[in-house]
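Below: the structure, in structure tokens.
The values are calculated or read from the model by the stated rules, or taken from the named source; none is laboratory data. All of these numbers come straight from a predicted model, not from anything done at the bench. Positions of Cβ are generated from backbone atoms using ideal geometry, with glycine treated the same way; all protein chains shown enter the neighbour counts.
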């Protein structure tokens, strides 16, 4: 599926069924929103209740039987009977950032004003009476999922343009009051609160559940990922761990792996932060650069990821959790026979050798020889046409990866020595050996 100029998408479960799998993928463009239904085929839905003439900032399943769409000019609360309750932004203000979960919606208006909504037991989405003015413009926000048996997530994380992240209380006793703050080495790009590293415990009624620790993941614009422990009682931030991920600003997305929450971090390459066998892992993905993603559950792919790469919508499944190796393939000219690591630069020195092959110089000589033979074999009246055909033959370069390399015959060898930067995969220098010279060690 082509998705030109796509900025956001979010998959969600069908709000009018108890299906454990996602039923919709919401694709947000610069000036429109597309709703796709997931079944045997993927089809566009026109009666979902979503406003299609505007981009979508975020959307979610709300409660048991409703959907919520947050867009720049307001919030749409779509009930099971297709009734829509709409909240519009005041005056000329617009929504610049938002955070949503199963029962809560928090939006940031232009100028740094926070507005909080919470769903009551009747399913109505109510605005909190007071609003919170932040000291600087809001650049990112995050809410944790609502814990089982609870009415709300207690904490809101807000990243500001002044290189700080603030933890705001959402408890009714001190709603929208600041609890803690952490200064950052660069401006935040995205935030993600997850519960990870859980252990199974059994309550007094004999029901099993997983109790984990809250972590605030902070993606910075300089390509650095911070992971900070978020105290579940006080909201204090502590024990910050740092990791450089790449050259692009880090975008964070909550996904599920092995039945637990995990974080997909995207920079110039993509990483997965997850807990596996009681250990934390931060592993690079063997995949091309991704731009946006969300967790995705279907019958064929119960713990998948739906993602955007360039202008293409993709559905991925991550395998081999816990593996320590990550591979990237770089094409070579001949078969690699051996390599050593240069001790000072850590570059690779490879030797490549193939039997029944020509060197590049020999290929050029053979091609020139064949062109001359074409002209010589032509009669006097066909000499001009043969010369044109020979010139076209010399100018035509068919890619060997598709059409194959010319076979030199038994006893013919081609070989070269190559200096490679293993991180970039680029060739720094190479030395082509003479025809029938073969390097093996």
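Name the strands (runs of 3 or more DSSP E) wholly inside the range 230-279 in which the number of residues that are free of Cβ contacts under 8 Å to residues at least 12 places away in the same chain and in the same structural domain as residue 186 (by TED's automatic domain parsing) is 2 or more.
237-244
Just wondering, is there one or more residues in the range 181-190 that are under 25 Å from residue 259 (Cβ atoms), crowded, with 19+ Cβ neighbours inside 10 Å, at pLDDT 95 or above and in the same structural domain as residue 118 (by TED's automatic domain parsing)?
Yes: the range 181-190 contains one or more residues that are under 25 Å from residue 259 (Cβ atoms), crowded, with 19+ Cβ neighbours inside 10 Å, at pLDDT 95 or above and in the same structural domain as residue 118 (by TED's automatic domain parsing).
Can you give me the number of residues within the range 382-433 that are touching a helix residue (DSSP H, G or I) at 6+ places or on another chain (Cβ under 8 Å), at pLDDT 90 or above and over 23 Å from residue 345 (Cβ atoms)?
Going through the range 382-433 one residue at a time, the tally reaches 1.
Looking at the range 47-98, which of its residues are under 26 Å from residue 255 (Cβ atoms) and in contact (Cβ under 8 Å) with a residue 60 or more places away in the chain?
The answer is 62, 63, 78.
Answer yes if at least one residue in the range 322-331 is more than 25 Å from residue 242 (Cα to Cα) and touching a strand residue (DSSP E or B) at 6+ places or on another chain (Cβ under 7 Å), and no otherwise.
no
Output the number of residues of the range 75-94 satisfying the condition of being under 22 Å from residue 25 (Cβ atoms) and surrounded by fewer than 17 Cβ atoms within 10 Å (Cβ to Cβ).
Count: 3.
Touching a helix residue (DSSP H, G or I) at 6+ places or on another chain (Cβ under 9 Å), at pLDDT 85 or above and either more than 29 Å from residue 419 (Cβ to Cβ) or in a loop (DSSP other than H, G, I, E, B) (or both), is that true of residue 331?
Yes: the conditions hold for residue 331.
Restricting attention to strands (runs of 3 or more DSSP E) lying wholly within the range 52-162, give those where 2 or more residues are under 18 Å from residue 177 (Cα atoms).
Answer list for the range 52-162: 95-100, 104-109, 113-119, 138-143, 155-160.
Considering each of 269, 243 in turn, give the residue that is surrounded by fewer than 16 Cβ atoms within 10 Å (Cβ to Cβ) and within 26 Å of residue 141 (Cβ to Cβ).
Residue meeting the stated conditions: 243.
Restricting to the range 375-412, name every residue that is farther than 17 Å from residue 334 by Cα and touching a strand residue (DSSP E or B) at 6+ places or on another chain (Cβ under 8 Å).
none
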